[in-house]
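Structure first, commentary second.
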Amino acid sequence: MKYTLMKLVRDLKPSFPSRDGCVLTLGNFDGVHIGHQALLTALRQESKRLQLPMVVVIFEPQPEEFFSKADAPARLTSLRDKLRFLAQYDVDIVHCLHFSSKLAMFSAVDFAEEIFALGAKFILVGEDCKFGYQRQGDSHLLTQLAGTHACQVQVFPKLAQHGVRVSSTLIRKKLSQGDLTGAVELLGRPYSVLGRVVRGFGRGSQVGVPTANLLLNYPRPPLAGVYAIQAVLPDKRICKGIANWGVRPTIGGMHFCLEVHIFGLEENLYGKYLEVCFLKKIRSEKRFESMEILVKQIHQDIQKAQDFFKGLTYDKL
Ligand code: RBF
Ligand code: MG
């Protein structure tokens with residue numbers, strides 16, 4: 001058990017305590033899935049063996065998002081979500097690099113030298129790791145350059161499950177198909193997002209279904225529609241409920257919004273952070289002819305979600 005908090009550094013400046021030596025990995029870590037988890041666990045072992053802190057280098061936005069903008073694949077974990085999962089894997093320091101045209105211009109060698117300057121004595125990278133201008137750097141280049149820095153480089157193979165390689169892409173596919181149990185197997189946990197509850201227009205309360213509206217950094221969510229959910233409150237209480245992540249076409253909505261109705265909860269949650277775990281897809285979102293018809297539908301959705309929770313055994317999660 002470690003009691004130190006994970007440190008977040010916004011650039012590549014060598015900082016205490018890593019500059020005197022660290023073990024390190026770099027990548028997107030989108031989803032922090034079981035493949036990432038296996039790599040982080042292996043890196044933690046090296047960190048213990050060498051008695052050096054564990055450093056993870058990530059990018060924000062992810063390089064693909066910088067280059068492809070709206071055409072980039074939907075993000076699985078916002079920076080906030082990524083950090084909370086990385087912290088669970090005992091990471092000591094995260095260097096979160098702002099990916100800009102400036103960083104995109106870094107030659108592979110220059111970028112690698114910045115990584116060595118962080119104090120890396122052991123680097124573990126995924127087999128498809130690419131970095132530097134036009135993704136010209138890879139594990140071979142790191143290995144070539146490592147010798148002069150008394151650093152060792154190892155490649156961590158992609159984890160396979162049921163003969164298929166675990167990847168963020170595969171998880172996106174499962175989520176968009178509504179296959180949440182498939183996603184659980186690849187994430188090692190239910191898919192969840194964390195967001196702060198903000199004030200809505202109170203429409204939900206007016207029609208008898210109060211909802212907490214979450215402020216999220218997900219311009220395009222990896223899943224949409226109506227789901228049976230579990231919400232984790234800041235005091236760790238776990239509540240059952242239902243959520244809609246959508247644009248709300250019935251009220252002429254334009255932007256994605258995650259609205260959560262928690263069963264039997266009276267208190268208001270304004271300003272609090274909620275973790276929403278998606279357990280089962282109930283249906284896709286659609287436009288209804290009137291609010292009245294939508295509210296009728298929502299009551300049927302709630303019944304469906306409650307039936308799901310009744311039949312729930314933990315090994316299904
Ligand atoms: N809005 C829609 O326009 N279409 C829907 O299919 C839809 N489904 C919902 C399902 C649930 C369980 C909840 C809580 C909300 C849903 N909404 C939907 C959003 C609804 O329009 C919104 O909660 C109210 O307008 C209050 O903001
Ligand atoms: Mg609301």
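Read-outs throughout are calculated quantities, based only on the coordinates presented, and are distinct from any laboratory measurement. In this text the structure is predicted, and so the values were computed from the model without any measurement. Reconstructed Cβ throughout: ideal geometry from the backbone, glycine too, with neighbour counts over all protein chains shown.
Rounded to the nearest 10 degrees, the angle from helix 108-117 to the longest Cα principal axis of the chain is 90 degrees. Exposure proxy shown here: for HIS36, HIS149, the number of other Cβ atoms within 10 Å sets the order, fewest to most, as HIS149, HIS36. Run the paramagnetic zone check for ARG220: 7 angstrom along Cα to Cβ, then residues of the stretch 18-34 with backbone nitrogen under 17 Å. Output list for this probe position: 30-31. Sorted from longest to shortest, the spans of the Cα atoms of the stretch 83-144 along the three principal axes equal 32, 26, 23 Å. The residue among VAL55, ALA224, LEU24 whose Cα reaches farthest toward the positive pole of the charge dipole of the chain, with charges on the beta-carbon of Lys, Arg, Asp and Glu, is ALA224. Centre-to-centre separation between the Cα atoms of the stretch 238-317 and those of the stretch 162-225: 11 Å. A straight chain from LYS173 to VAL198 at 0.36 nm per residue would run longer than the Cα-Cα distance by 6.0 nm. Take the Cα radius of gyration of the chain and divide it by 2.2 N^0.38 Å, N being the number of residues; the result is 1.10. Whole-Hz Karplus values for the stretch 99-106 come out as 7, 9, 4, 5, 5, 5, 7, 4 Hz, taken residue by residue from phi with 6.51 cos²θ - 1.76 cosθ + 1.60 and θ = phi - 60°; glycine and proline positions read x.
The ranking of TYR133, TYR218, TYR227 from fewest to most other beta carbons within 10 Å of each one's beta carbon is TYR133, TYR218, TYR227.
Here the residues PHE116, PHE131, ranked from fewest to most Cβ neighbours within 10 Å of their Cβ, fall in the order PHE116, PHE131.
Residues with beta-carbon under 11 Å from that of GLY119, excluding GLY119: net charge, scoring Lys, Arg +1 and Asp, Glu -1? Its environment carries a net charge of +1.
For VAL164 and ARG49, what is the calculated FRET efficiency with R₀ set at 45 Å and r taken between the beta-carbons, to the nearest 0.05?
On the way: r = 31 Å, r/R0 = 0.70.
After rounding to 0.05, the efficiency reads 0.90.
Helix 291-310 and the longest principal axis of the C-alpha atoms of the chain enclose an angle of approximately 60°.
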